[in-house]
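So the structure is just underneath, and the comments pick up after that.
The values are calculated or read from the model by the stated rules, or taken from the named source; none is laboratory data. Because the structure is a prediction, the values reported are computed rather than measured. Cβ placement follows ideal geometry from the backbone for every residue including glycine, while neighbour counts extend to all protein chains displayed. Heavy atoms of the whole protein, side chains included, go into the accessibility calculation; ligands, DNA and RNA do not. Shrake-Rupley method; radii C 1.70, N 1.55, O 1.52, S 1.80 Å.
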Amino acid sequence: MTLGLWAFAHHLHLLRRLLAFNVLGSGIFLLLAGLAGTAREVQGLILVGLVVALVGSVLGAVLLRRLHALDGRVTLGDGPEASP
Amino acid sequence: MLPLLLVGVPLPLTTLWLLSRLPAGGAFAGSWAPGGLSLHWRLDGLAGLLLLLTQLVLLASATYAVGHRRDAALTERAFAGFWPLLGGLAAALGVIWVAADLLTLYLALELMGLTAVGMMLLPGKPEALAAGMRYLLYALVGSLAWLLGVALLLGAWGALSLAELGSVARPDAATRIAMALLAAGLLLKAAIFPLHGWLVPVHASAWTPVSALHGALVVKASFFILLLLWRLLLPEVVVAAWGLGLLGAGAVLWGGLQAWRADTLKQVVSWSTLGQLGYLMLAFPLLAGASASVAALAWQATWLQLAGHALAKAAMFMAAGNLMFSTGASRLEELAGASRRLPLALMTFGIAAVTLMGLPPSAGFTAKWLLLQASLTSGQWLWAAVLALGTLLTAAYVFRALRRSLSWREAPRREFQALPRGTDLVPLLLALAAVGLGLVAEWPLGLLRGGHAMSAAFFPVATLATSLLAAAIIFPAAGACLPRPHRTQPRCGPGQAGSGGLDGLGAQPGS
């Protein structure tokens, strides 16, 4: 988790940020299962978390590709400024 | 527009009926157990009122969107994605108001966040995509913080339902750390003062109906959950509540200042969202550690402010969108002369601003009056000063925008584009509703005085479930049934900059 958090804050490249988010997420799921056992509610929480992480990562990757194709940027705030 | 109104109007009527069936000061509650899980819900006066507000703003935005479709800069294909996302947002918001356990709240919060990101991406321009990407990253990290907080709570107390947590959880170290994590995640999603970095760029490139929905409802849902959990888990921790109140004070001042300095009309409206959210945060110090009468005043003021702001801000975004659409300009200086050609849009902007400034008889006035009363009665003078300063700043930025639009001497000659039918009427109705809410505030405030929960009869339960489900289905269905729009001709004239190069970008990423 610490590694994921550090990577998220440190790297500007969006793909690395997405990967860092996934590392962070995996850490939290493990912690959740470890802390709270394997009750049905915990499984539900983790399942929702996994689906959200998946959808978020796919959406992020698609967005990144589109941004790269449109004006070649791979970081936020780089390239042409979004708004004055 | 007709199919949309036909299917949309029954929703608020159903909620009104449910509210009338609520026992005085009571609530319906129940649970549901799909596949061994136990999920809980409750419908009290507050949840019912927020549901009603949500349905009205959704209906208004959807109606506005029908007219907005005729904007020549929008592609048919991009707009097709709007309706399913609207349905998802409607369902998520409805579930958030009535959910009573952390799992359901998590599910609805994520659905809301992802549909909101998807809606923001619809314009397909690079700046919209970059802003949407930032929003997505912040929202994802926010949801991880929330999940970690839930994990700690579940590990410490072994309960997920709010009622159970409220009875077993004590404010010890684990609860405090968990609440801090939950608060961090929710503050990030609600764009409260230091964590607001994503809000303004996201609005700058979003479509008008999407901005209206987002500013009016989406950020409020995170605040609602935060206040609910705070009251449940840490009702007596004064220091942290003061910290949150100070964040709110910072938001009021910073948002007002930035709105005053902003260049474009849309930025003014987005920064003012930040400032107005700050008033809501003042509820935390006034609710914690204060006497019962002060807490009751602050409680009522908060929800009235939330409702008034939701209506007024939706109206303001739409009026600003109308002004920008018709003049083809987005910067404040370029609005000169708008008063002659667009008196209705400008008047709507002004009426919405009445609520934001808190002039009588609007809902904003009543809410700020109650807040002022609460802060003076409890001796917390700081918040009274914040209220006064915030009102002055609001007046400053509103009049700055209005002055530019009313000046006609330096007005350039330019083509004004006719507004699509209905798009000027919807925001006017919303703005008038925000003002009128101040006059009939006794009715919602009466419903807010909560009480004990009771299990509901079959009929109200079935109605509630149907209306939540229907909201998810009818908006996409009605959107699919709409006739193809008659496009207005692309504008040619000095105000052409800003219309998008949208064609040929391929499919829109949806969630």
Among (1) open to solvent by 40 Å² or more (accessible area, probe 1.4 Å); (2) more than 22 Å from B:Glu442 (Cβ to Cβ), the one test that B:Leu372 misses: (2)
Near pairs, Cβ below 7 angstrom, 6+ apart or cross-chain, from segment A:35-49 (more than 8 Å from chain B (Cβ to nearest Cβ)) to any residue that is assigned to a helix (DSSP H, G or I) and of a type in the set (A, V, I, L, M, F, W, C): A:Ile46/A:Phe29; A:Ile46/A:Leu32; A:Ile46/A:Ala33
For B:Leu153: the one exception among (1) of a type in the set (A, V, I, L, M); (2) more than 27 Å from A:Arg65 (Cβ to Cβ); (3) within 8 Å of another protein chain (Cβ to nearest Cβ); (4) buried (at least 24 other Cβ atoms within 10 Å of the Cβ): (3)
Condition met for B:Ala385 (open to solvent by 30 Å² or more (accessible area, probe 1.4 Å) and either out of contact with any Pro (no Cβ under 9 Å at 6 or more places or on another chain) or within 18 Å of B:Ala295 (Cα to Cα) (or both)): yes
Search result, residues across segment A:50-63 that are facing chain B (nearest Cβ under 7 Å) and open to solvent by less than 40 Å² (accessible area, probe 1.4 Å): A:Val52, A:Gly56, A:Leu59, A:Gly60, A:Leu63
Wholly enclosed helices (runs of 4 or more DSSP H) of segment B:396-511 bearing at least 2 residues within 30 Å of B:Leu342 (Cβ to Cβ) and at pLDDT 60 or above: B:425-439, B:458-481
Members of segment B:357-371 that are touching a Phe, Trp or Tyr at 6+ places or on another chain (Cβ under 8 Å) and in a helix (DSSP H, G or I): B:Ala367, B:Lys368, B:Leu371
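Identify the residue in segment A:45-84 that is among the hydroxyl-bearing types (Ser, Thr, Tyr) and within 30 Å of B:Ala262 (Cβ to Cβ) and, among all such residues, is modelled with the lowest pLDDT.
Filtering segment A:45-84 down to residues among the hydroxyl-bearing types (Ser, Thr, Tyr) leaves A:57, A:75, A:83.
Add one more test, that the residue is within 30 Å of B:Ala262 (Cβ to Cβ), and what stays is A:75, A:83.
Values: A:Thr75: 71, A:Ser83: 32.
So, considering only residues that are among the hydroxyl-bearing types (Ser, Thr, Tyr) and within 30 Å of B:Ala262 (Cβ to Cβ), the one modelled with the lowest pLDDT is A:Ser83.
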